[in-house]
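To start, the structure under review is shown below, and the notes come after it.
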Amino acid sequence: MVEKRMNMEQGHWVLAKLGKKVLRPGGKELTHEMLKAMNITSDDDVIEFAPGLGYTAKLALSHQPHSYVAVELNAEAAKRVENNVQNDKMKIVIGNASETGLPANSASKVYGEAMLTMQSKPQKQAIIAEAARLLRPGGLYGIHEIGIYPDNTSQEVRKEIESDLAKGIKTNVRPLTLVEWKDILEDNGFDISFVESRPMHLLEQTRMIADEGFWNFIRIVFRMLKNSHARKRVLEMRHIFRKHGNHINAICIVARKR
Ligand SMILES: C[S@@+](CC[C@H](N)C(=O)[O-])C[C@H]1O[C@@H](n2cnc3c(N)ncnc32)[C@H](O)[C@@H]1O
């Protein structure tokens, strides 16, 4: 089932409405690391899961891949990404990344950011299996998600993190440890080729300026001052990220299909 409208109460759309363009946990820097490790060239057939506002889509398309397809669950978000990116090469499938309907072995590079964390375990499994189906052997799959650290964090702490994040972001948030992210990829036929992490500083001033640029950061702050509901939501999310800063981070993994 596709979603017709964006649920503007979800944390990522609250931030997008304020003008925030970078919605993934490790910011632009980790996205650039992921793309560097994926090395997209003009020979590549690229599939992106959940393009959001199209920030990474533009970067991927700047490498002039042979083809580029985005798979987005939300019809309204898909319309936005089409308007933002405006590139003749971009095709958009409105559908679930777990069942794209695209042909098997049709891609050499697949990636998705800030979209697996929000899925249940069976949905994560189905999306990663779909990436494996779409990729030709030797193809790369990049993910950029929320991680839990250290690997032996207790179930009690994890439950508290999940519950706080779900309340703050108003969607399911089920981060995995690095070992668990690696395991689920390996179990679906991938070998891990690159791992990088960053602190969960999505809403910290230094990261915001690095991600959005100084003037857009100032515009976001002004919009927050004028909109008390959005301000409350952003501060609540930042409070939760800070509260669990010793246990949550941003993880990027690039894995090669066997
Ligand atoms: C937090 S936003 C991240 C967007 C973008 N990747 C980014 O990092 O800026 C999550 C996006 O994932 C999309 N999404 C969630 N589940 C999906 C699924 N199963 N298949 C395709 N898209 C999905 C949502 O509609 C939304 O656009």
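Read-outs throughout are calculated quantities, based only on the coordinates presented, and are distinct from any laboratory measurement. Small disclaimer: the values here were computed from a predicted structure and weren't measured. Cβ: placed from backbone, ideal geometry, glycine included. Neighbour counts: every protein chain shown.
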Q: Step through the residues of region 29-34 one at a time and calculate ³J(HN,Hα) from phi using the Karplus curve (6.51 cos²θ - 1.76 cosθ + 1.60, θ = phi - 60°), rounding each to whole Hz and writing x for Gly and Pro.
A: 4, 6, 4, 5, 4, 4
Q. Lys170's amide H: which non-local residues (gap 5+, or another chain) put their own amide H closer than 5 Å, with H modeled 1.01 Å from N in plane and none for Pro or chain starts?
A. Gly11
Q.
Taking θ = phi - 60°, what integer Hz values does the Karplus form 6.51 cos²θ - 1.76 cosθ + 1.60 yield along region 208-222, in sequence order, with x for Gly and Pro?
A. 4, 5, 4, 7, 9, x, 4, 5, 5, 4, 4, 4, 4, 4, 4
Q. If you take every DSSP beta bridge whose two residues both sit in the chain, what share of them, in percent to the nearest 5, is antiparallel?
A. 45 percent
Q: Would you grab the residues whose amide H sits under 5 Å from the one on Tyr149? Only those 5+ places off in sequence or on another chain, please, with H modelled 1.01 Å from N.
A: Ile248, Asn249
Q. When N is the residue count of region 1-105, what does its C-alpha Rg come to as a fraction of 2.2 N^0.38 Å?
A. 1.06
Q. What number, rounded to the nearest 500 deg cm²/dmol, is the helix-based mean residue ellipticity at 222 nm of the chain, given -39500 (n - 2.57) per DSSP H run of at least four residues and division by all its residues?
A. -13500 deg cm²/dmol
Q: Scan around Val93 for amide H atoms under 5 Å from its own, H built in the peptide plane at 1.01 Å from N, and keep only partners 5 or more places away or cross-chain.
A: Ala70, Val71, Glu72
Q. Which ordering of Asp45, Asp191 is given by a fewest-first count of other beta-carbon atoms within 10 Å?
A. Asp191, Asp45
(Q) From the phi angles alone, apply the Karplus equation (6.51, -1.76, 1.60; θ = phi - 60°) to region 133-148 and give each ³J(HN,Hα) in whole Hz, x where the residue is Gly or Pro. (A) 5, 6, 7, 7, x, x, x, 10, 10, x, 10, 9, 9, 7, x, 10
